[in-house]
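What follows is one structure encoded as structure tokens, with my remarks underneath.
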Amino acid sequence: MRDISAVSYLMCLLLIQVFCATTKSSQDAEFAPLPTDLKVTIGVGFLNVSWDCNNITTAMEQYEYKAVIFGRFTVLHLQKCFVEIIPEAILHKGVEVEIRTMKNGRDVKNNWTTKTIFPEGGPYTSDENISCVVFNISFMNCSWDVGRQAAENTTYLLYLIQEGEKLTCPAYEKDLLGRHNKCLFSFLDINFDKSVHMIVLEESKNRPVRFLDEFITPADYEILTPPRNFTLNNSLNRLVFTWLQPETLDPYAEDCFNYELNIWSKNNEATHKVKTTMYTIPIINVREQLIAKVRAKWVTPCFENTFWGEWSEPIFYRSPDSPIFTRDHLLIVLTVCTIAVLSVSTVLCCRFKILRKIFPPVPQPVNVIKDFGQYEQRDKQEHKFSAVDMVSVKDEECVCSTITEVQDSFYVNC
């Protein structure tokens, strides 16, 4: 009796396995029909899934269709012909799209092949290496490299989108070919703590150019302003440095900042990492001038920012025991004396023409050929006035020994 029961039990198990295998095989053999002309296109900031609404069959209506993009499911309602998807993700690098079909809560195979869809425009036509820096609290400067295969007449336009608000770049800078490659936002009215969709559109008359998009949190790229009210006090033989956190659009806790204090002296320079807004050092052996400055940086739990901010204006401290006449004073005195000596020397040289006396002008060479005619003419004139042997004068004889010409008059020496 027990043997019969055991055989019956085994037969039931075998029948159940055969039924399950048959059901599974029938399910595996089932293919869900896809809507006609099903395609996916990528626009600026969105994806569009469309199909032909005129060829929806009864068999298609038995299934549920879903688009899987960036791990998220979007239901495709067959009667609507298309669906627009706005993912918070980068699109210019291409998007992997999967179409899944379901029936009675279970997946059914279809003939859709998972593929990567790219925006319009060839590779390397979009701009590259875009980067932004926030400074002076509400200014942002963004720059990029022109696409390696972009046409020379390509125009680049930058937009910022946050919570549905779209901002256009107000001021561009251009490269040597007149193409935009930098944008400056002044007094930017956005939330620096939240993500911003940054889009650079390219326009060219020659061929389609692919756009570029990125998501950034502006505060992650902020260069902080210098800490405020940086002061130095002497208290109980200690130097106490104090300051306030840098100015920001919104108030933040003190532990959102780290600081770097640089202290310089003639024989030493040290940089101290500080987590508060105060730092002290002893005055022992400080017998010369100190120069100090401080800067700030965001702390990682608050923002993913690795940029150090701007240095504060330096402050100076001179110990009472330090010499009054320092090396800086000596340099100033030497500079003033040098200028004074040069000025006096210049005046004296001009007044007494010393340089002309030291370096007299070089006479010009005589042109013999040009002056030969002048010499010959002068000899002819002198020939008219020759020596006279004897001149008789009334009641007096005078022997002329020499006739000399002086200013067209003749003097006779007797």
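The values are calculated or read from the model by the stated rules, or taken from the named source; none is laboratory data. Since we're looking at a predicted model, the values are computed, not measured. Virtual Cβ from ideal backbone geometry, glycine too; neighbours counted across all protein chains shown. Side chains included, ligands, DNA and RNA excluded: accessible areas come from the protein's heavy atoms. Shrake-Rupley method; radii C 1.70, N 1.55, O 1.52, S 1.80 Å.
Brief remarks on what is shown
- Centroid-to-centroid, using Cα positions, segment 239-283 and segment 56-106 are 55 Å apart.
- Contact order normalised by residue count of segment 56-192, Cα under 8 Å, 6+ apart, percent: 16 percent
- Simple Cβ-charge dipole of segment 176-276, Lys/Arg +1 and Asp/Glu -1, about Cα centre, in debye nearest 20: 440 debye
- Under the combined filter of DSSP loop state and at most 15 neighbouring Cβ atoms within 10 Å, segment 233-288 retains these GluC sites (Glu not before Pro): E247.
- Coil-residue trypsin sites (Lys or Arg not before Pro) of segment 134-243, DSSP, other Cβ within 10 Å capped at 16: R148, K194, K205
- Expressed as a whole percent, the accessible area of segment 49-145 that falls on carbon and sulfur atoms is 46 (1.4 Å probe).
- Karplus 3J(HN,Hα) series, Hz, for segment 80-90 with 6.51 cos²θ - 1.76 cosθ + 1.60 (x for Gly, Pro): 8, 6, 6, 9, 9, 10, 10, x, 8, 8, 6
- Given K39/K109; K174/K194; K115/K194; K182/K293; K275/K297; K174/K297, the pairs whose alpha carbons are separated by over 21 Å: K174/K194; K115/K194; K182/K293; K174/K297
- Sites listed here are chymotrypsin sites (Phe, Trp or Tyr not before Pro) in segment 25-126 whose DSSP assignment is loop and whose Cβ has at most 15 other Cβ atoms within 10 Å: F70, Y124.
- Karplus 3J(HN,Hα) series, Hz, for segment 191-207 with 6.51 cos²θ - 1.76 cosθ + 1.60 (x for Gly, Pro): 8, 6, 8, 10, 5, 10, 8, 9, 10, 10, 8, 10, 10, 8, 7, 7, 7
- Whole-Hz ³J(HN,Hα) from phi, Karplus 6.51 cos²θ - 1.76 cosθ + 1.60, for segment 292-301, glycine and proline x: 10, 8, 9, 9, 10, 8, 5, 8, 3, x
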